[in-house]
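To keep things clear, I will list the structure first and then write my remarks on it.
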Amino acid sequence: MNAGESLPIGQHDIEIQGNRQAWERKPQLRAVYRGFHELIASRLDRSVKGQIVELGSGMGSIKEVIPDCVTTDLFPNPWLDRQENAYRLSYADGTVSNLILFDVWHHLRYPATALSEFRRVIAPGGRVIIFDPAVSLTGRLIYGLFHHEPVGMRQPVTWEAPPAFKPGDADYFAAQGAATRIFWRREAPERLADWKVAEVTPLASFEYFATGGFSGPQIGGPRLFRLWRGLDRTLSHWPNLFAARLLVVLTKTP
Ligand SMILES: C[S@@+](CC[C@H](N)C(=O)[O-])C[C@H]1O[C@@H](n2cnc3c(N)ncnc32)[C@H](O)[C@@H]1O
């Protein structure tokens, strides 16, 4: 896939089904994801009234760590709670306390349109928690060389959907650098004026790379993975060089 290229939306579901098979045969990948989900869980604000909802849940594995999270996706797969489209959510105004997007932000072609829908459903003081690729030097190299989706650090961001856009028209879009550009590099701070950016944490994640993700081979066994994890903690001190993951927390300002 090249930057700007568009595929039919069904490509997501093809990947979800393939990922489920990889999930079953890759215990280390499951362990690393559990760590990611625990990190997300640590950022939930449970003092806010409303539902905890994940958008774009794919396989729905977040429930293993956050059992009361409502899992949703564009596709009504039987293991998910609800079908939801980021551009038009079925939730009433102010009813979601925490909205989680794990590896979903970089699939949103129209980030401002999605953000305004998120703002509608989030309760006062509620949060959007985004976990997405971070494009540091290492991130650019590894995602650029080994992942099929474009990094897209230079293509113009199409913030708003055109007036005639209907949520059902969404296509398969990918720009892995989207969260880095918007939240970490702050290319357009005025677009976040309605939010408090409470946290932007870039993290090294050689541990994740070593799993080979859903399509590549795993490098090393459990012992080596403990080493990768330790290394990640150290290398996270140099995010511009080594970050591979970005944790972002937005809170809804009054
Ligand atoms: C890379 S997968 C991530 C799946 C899961 N969160 C995980 O980390 O394993 C991206 C997911 O986002 C979903 N998605 C893409 N565009 C979406 C949209 N407009 N609204 C809701 N979900 C969307 C896809 O169907 C897919 O399941």
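Numbers below:
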| quantity | calculated |
| --- | --- |
| Members of segment 54-75 that are part of a helix (DSSP H, G or I) and free of Cβ contacts under 8 Å to residues at least 40 places away in the same chain | Ser61, Lys63, Glu64 |
| Any helices (runs of 4 or more DSSP H) falling wholly within segment 201-242 and containing at least 3 residues that are modelled with pLDDT under 95 | 206-211, 222-235 |
| Every pair of residues 6+ apart whose Cβ atoms lie under 9 Å, when the first sits in segment 83-108 and is at pLDDT below 95 while the second is more than 9 Å from the ligand (Cβ to nearest atom) and open to solvent by less than 20 Å² (accessible area, probe 1.4 Å) | none |
| When residues of segment 144-181 are limited to those that are in contact (Cβ under 8 Å) with a residue 60 or more places away in the chain, part of a helix (DSSP H, G or I) and open to solvent by 10 Å² or more (accessible area, probe 1.4 Å), the one farthest from the ligand (Cβ to nearest atom) | Phe146 |
| Residue identified as on the phi < 0 side of the Ramachandran plot, in contact with a Lys or Arg (Cβ under 7 Å, 6 or more places away or on another chain) and buried (at least 19 other Cβ atoms within 10 Å of the Cβ) among Glu187, Glu207 | Glu207 |
| Residue list for segment 112-142, restricted to those being touching a Pro at 6+ places or on another chain (Cβ under 8 Å) and surrounded by fewer than 22 Cβ atoms within 10 Å (Cβ to Cβ) | Pro124 |
| Members of segment 1-53 that are in a helix (DSSP H, G or I) and open to solvent by 60 Å² or more (accessible area, probe 1.4 Å) | Ile14, Gln17, Arg20, Gln21, Glu24, Arg25, Pro27, Arg30, Arg34, Glu38 |
| Filter result (farther than 18 Å from Arg43 by Cβ and either open to solvent by less than 40 Å² (accessible area, probe 1.4 Å) or part of a helix (DSSP H, G or I) (or both)) within segment 190-200 | Glu190, Arg191 |
| Those residues of segment 95-111 which are out of contact with any strand residue (DSSP E or B) (no Cβ under 6 Å at 6 or more places or on another chain), open to solvent by less than 20 Å² (accessible area, probe 1.4 Å) and more than 10 Å from the ligand (Cβ to nearest atom), in sequence order | Pro111 |
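The values are calculated or read from the model by the stated rules, or taken from the named source; none is laboratory data. All values derive from a computational prediction rather than experimental measurement. As a convention, Cβ positions derive from the backbone with ideal geometry for all residues, glycine included, and neighbour counts pool all protein chains shown. Keep in mind that these areas ignore ligands, DNA and RNA; they rest on the heavy atoms of the full protein, side chains included. Shrake-Rupley method; radii C 1.70, N 1.55, O 1.52, S 1.80 Å.
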